[in-house]
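> Got a structure here, written out as structure tokens. Questions coming.
The numbers here are math on the coordinates, done by the rules we state, and not lab data. None of these values were measured; they are calculated from a predicted model. Positions of Cβ are generated from backbone atoms using ideal geometry, with glycine treated the same way; all protein chains shown enter the neighbour counts.
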Amino acid sequence: MRDVAVVGFAQTQLEDFDGSPTCVELLVPLLAECYEQTGWTRKDIGFWCSGSSDYLAGRSFSFVQAVDAIGVIPPVNESHVEMDLAWAMYEAWIKIQTGEVDTALVYAFGKSSAGVLRRSLSMQLEPYTMTPLWPDTVSLAGLQARAGIDAGQWDEAAMAAVVNRSLTDAEKNEHAVRKGGSSVEELLARPMYADPLRKHDCAPVTDGVAAIVLAAGDRARDVRDRPAWISGLAHSVDAMSMGTRDLTRSPSTARAGAGAGVEGVEIAELHAPFSHQELIVTRELGLGSDVVINPSGGPLSGNPMFSGGGIRIGEAARRIWSGEASRTLGHATSGPALQQNLVCVLDAEQKEA
Amino acid sequence: MAKQPAAVIGVGQTHHRAKRDDVSMAGLCREAMDRALEDAGLTLDEIDAIVVGKAPDLFEGVMMPELYLAEALGAVGKPLLRVHTAGSVGGSTAIVASSLVQAGVHKKVLTVAYEKQSESNAMWALSIPIPFNMPVHAGAGGYFAPHVRSYIRRSGAPEHIGAIVAAKDRNNALKNPYAHLHNEGTTVESVMASTMLWDPIRYDETCPSSDGACALVIASEDVAASSPNPAWIHGTVMRSEATTAAERDQVNPQASRDAAAALWKQAGITSPVDEIDAAEIYVPFSWFEPMWLESLGFAAPGEGWKLTESGATALGGKIPVNCSGGVLSSNPIGASGMLRFGEAALQVRGLAGEHQVDGARKALGHAYGGGSQFFAMWVVGSDKPS
């Protein structure tokens, strides 16, 4: 395998982006930030891949106009996934592994505020027997949280502790749209939203965009003193059916973790849009109490759809660049109740070839 | 680092119809997948990863349907990717699947692309009014008609060239049991007599709206060694250009020309018209055959229609195009590109049945999408690339 590193990362998170759902206006400055970080121009990018959803944009081919944000004259080597940024990055990593290109820029965008997000996501369910009932994302997550409480795997105080830590850490994150910790007691005193979830147990509806730059070998070393080398990258999916899987577990997270090799990570950025899901993901990845979880504040402080997972990888990479850690991981999820999961492990040291 | 060799060892497709009321989306995909797996001599359990492609989710009314399909597609416990790159998606999806093998990450990848257009209305799904955008409200035909008119003006092609393409492809489709349209007795005259829809595009010069799927099994060199007839991948390319740019040439887009040049270089081809034995080119409206022949370098600019008129693109001609009947005979949009890629593989494997080109050794699979901004192509051959 070729040594490939994350060498650039930019993000914008907003409570409500008052602009076009194509997000071109957000993407142009974001790409400029990537060029500034790398010292590159558009012509240095060997491959482009984006992630977005037509249903979120409320139109077909939502990625088409976003491609114009690149300024694709002359034409570029480009692809798109109807998935989160993390999977767009996976496609780009594969492309670099084939040897066809040495560099890639991946980006993703989503304007969740244009509709009612939890209702839009009902369109993601099995269309014959589930979607007609319009179960919304928050309610489904509530069922999952309740299943864990009933099974004695966690309680509301453990969930509140996740929230309190996240919102406290988010105070140091300029991109966070929700921040400010208090105490477990104070959080538990707040009203129920979708029993047993309180509002703060659910990631805030967030608009936003993010981009990640990948480079192989010397191209990466040219950009950064400490590139964040991808030492493990794996993803997997579970069946959707909520009635036949154990909602307190996430086998696809465990498989992705095993595939990526998570032992020894110091910091983990986990894409758990609901507080109890962080407890599930932590368990499935086998992360010990010595691992720092979501120092950025994580998705409970801001979760732009279709870039929220990739942002976790970007945040994990930043900790390598800064020297704060030498081994980190970023996790991304998609689908109802942690159905599909990806794990990316990043190292300051290159693997022995 | 060079790409690892990869080959298509299984091809499967559905019987394409206007409405496949007999199957769900999952059933449609499995029909194609099961045929591809049988062809490859593999079971779903032996597959390492699944790559799904389809055009806009609004065509069926399900957001990211691969999530609910994961179990039916045998993806549970495996990596599952979902590609969406407009009309070129079937081709792009095959390319992403092959890159998983070429990267050395997987050995046996199954890819499936589908569209069940009868679940909704493509015209509606493509015409949602967007703020600050001029609505077309005319579907793809209304969008492409000016490009065709421009081609005719530039090349001086006679009016009946499009009808020649349509009659050829509809007759080719009679040799393809999977094709949606089996219109017996289609002639240049009958096409010319059909209703004008978007001048100069007549009813019989347009693609149908189909339900259908296509699946491919793509394997590494060691796995392909046990296949009696692998279609080796000699080159793959994807290119995209701007949607909104005054300098765009929509008749012969730069992304298409760039893609073709890169593809022929990768595949070691210097004269496509002499070295390619069969081409499956994405022709949703008849006139795109001569337009793409020029853009791809099979003919000089302005000369593509002469190739068509001479009969060179017919089965048995110098450069047979769309022997399967092409997009003009079956158009499950998300799968249409993969059908081109898969039919190219069938030709070099000698498995194209009645529409087989005798002795085909190298074939082109081609797809395009959007308003001619997105291109995906591959060359497959019966011999392992040197």
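> Can you tell me the length gained on complete extension of the stretch A:E25 to A:D44, counting 0.36 nm per residue apart and subtracting the Cα distance?
4.6 nm
> Right, next: Where does the charge balance sit around B:E309 when Lys and Arg score +1, Asp and Glu -1, over other residues with C-beta under 12 Å from its C-beta?
It works out to a net charge of -1.
> Where does segment A:222-353 land on Rg/Rh, using Cα atoms and the Kirkwood Rh?
0.97
> Sticking with this structure for a sec: Treating only the Cβ atoms of Lys and Arg (+1) and Asp and Glu (-1) as charged, compute the dipole magnitude of segment B:1-98 about its Cα centre; round to the nearest 20 debye.
Using only the charged Cβ atoms, the result is roughly 340 debye.
> Going down the list B:K78/B:K107; B:K108/B:K362; B:K265/B:K362, which pairs span over 21 Å between their C-alpha atoms?
Table pairs above 21 Å Cα-Cα are B:K108/B:K362.
> To continue, here is another question. For the charge dipole of segment B:241-384, defined by +1 on Lys and Arg C-beta atoms and -1 on Asp and Glu C-beta atoms about the Cα centroid, which residue among B:A367, B:T244, B:V321 has the Cα displaced farthest towards the positive pole?
Checked the options; the winner is B:A367.
> In debye to the nearest 20, how big a dipole does chain A give about its Cα centre with +1 on each Lys and Arg Cβ and -1 on each Asp and Glu Cβ?
260 debye
> What fraction of the Cα pairs in segment B:214-285, stated in percent, has a spacing above 17 angstrom?
62 percent
> Could you work out the Kirkwood radius for segment B:188-317, taking every pair of different alpha carbons, averaging 1/r and inverting it, reported in Å?
Averaging 1/r across every pair of different Cα atoms and inverting gives 17.5 Å.
> Starting from the amide H of A:S50, placed 1.01 Å from N in the peptide plane, find each other amide H under 5 Å away whose residue is 5 or more places distant or on another chain.
Distant-sequence amide H within range of A:S50: A:S79, A:H80, A:V81, A:Y107.
> Provide the convex hull volume over Cα atoms per residue for segment A:152-265, in Å³.
In segment A:152-265, the Cα convex hull volume per residue is 190 Å³.
> On the principal axes of its Cα set, how long, how wide and how thick is chain B? Give whole Å, largest value first.
53, 46, 43
> Segment A:1-76: which GluC sites (Glu not before Pro) are DSSP loop and have at most 16 other beta-carbon atoms within 10 angstrom?
A:E15
> Using a 10 Å cut-off on Cβ to Cβ distances, tally the other chain neighbours for every residue of B:47-58 and report the average as a whole number.
Average per residue, whole number: 3.
> Average the reciprocal distances over every distinct pair of alpha-carbons in segment A:27-147, invert the result, and give the Kirkwood radius in Å.
16.4 Å
> Rounded to the nearest 5, what is the percent of antiparallel bridges among the DSSP beta bridges in chain A?
Rounded to the nearest five, the antiparallel share is 70 percent.
> With +1 assigned to the C-beta of every Lys and Arg and -1 to the C-beta of every Asp and Glu, and no other charges, what is the dipole magnitude of the protein assembly as shown about the Cα centre in debye, to the nearest 20?
580 debye
> Next question. I need the Kirkwood Rh of segment B:275-329: take the reciprocal of the average 1/r across all distinct C-alpha pairs and report it in angstrom.
10.9 Å
> Right, next: Net charge near A:P127, counting Lys/Arg +1 and Asp/Glu -1 over other residues with Cβ under 12 Å of its Cβ?
Summing Lys and Arg as +1 and Asp and Glu as -1 gives -3.
> Give, in whole angstrom and from largest to smallest, the semi-axes √(5λ) of the equivalent ellipsoid of segment A:254-293, with λ running over the eigenvalues of the Cα gyration tensor.
15, 12, 8
> Taking 7 Å along the Cα-to-C-beta vector as the label spot, tell me the A:E349-B:H15 distance in nanometres, rounded to one decimal.
That separation, rounded to one decimal, is 6.3 nm.
> What residue among A:G39, A:G302, A:G264 has the largest mean-square fluctuation in a Gaussian network model of chain A, using Cα springs under 10 Å?
Of the options given, A:G39 has the highest mean-square fluctuation.
> Moving to a separate point now. Once the convex hull of the alpha carbons of chain A is built, what does its volume come to per residue, in cubic angstrom?
With only Cα atoms used, chain A gives 128 Å³ per residue.
> Using the charge dipole of segment A:267-327 (Lys, Arg: +1 at Cβ; Asp, Glu: -1 at Cβ; taken about the Cα centre), state which of A:A272, A:G323, A:V291 has its Cα farthest towards the positive end.
Of the listed residues, the answer is A:G323.
> List, in order, the whole-Hz ³J(HN,Hα) value for each residue of segment B:371-386 obtained from phi through the Karplus relation with A = 6.51, B = -1.76, C = 1.60 and θ = phi - 60°; use x for Gly and Pro.
Listing the rounded values in order: x, 6, 9, 10, 10, 9, 8, 8, 10, 10, x, 6, 9, 5, x, 7 Hz.
> Once you average over the residues of B:78-91, how many Cβ atoms of partner chains fall within 10 Å of each Cβ?
So the per-residue partner count for this stretch is 6.
> Given bins 20 angstrom wide, list per bin the percent of all Cα-Cα distances in the protein assembly as shown, short to long.
All Cα pairs considered, the percentages come to 19, 52, 25, 4, 0.
> Let me ask you something else. Mind giving me the FRET efficiency for B:S271 and A:K172? R0 is 56 Å, r the Cβ-Cβ distance, nearest 0.05 is fine.
For B:S271 and A:K172, the calculated efficiency is 0.35.
> Here is a follow-up. For A:K179, which lysines qualify as cross-link partners when the Cα separation must be under 25 Å and same-chain residues fewer than eight apart are set aside?
Once the sequence-local lysines are set aside, what remains near A:K179 is A:K111, A:K199.
> Report the antiparallel proportion of the DSSP beta bridges in the protein assembly as shown as a percent, rounded to a multiple of 5.
Counting DSSP beta bridges with both partners in the protein assembly as shown, the antiparallel share is about 75 percent.
> Now for a separate question. As an exercise, use a Förster radius of 56 Å and the Cβ-Cβ distance of B:T195 and B:A225 to find the FRET efficiency, rounded to the nearest 0.05.
Given R0 = 56 Å and the Cβ-Cβ separation, E is 0.60.
> Then there's this: In chain B, if the dipole is taken from +1 on Lys/Arg beta carbons and -1 on Asp/Glu beta carbons about the Cα centre, which of B:I333, B:A40, B:L174 is farthest to the positive end?
Comparing the listed Cα positions along the dipole, B:I333 ranks first.
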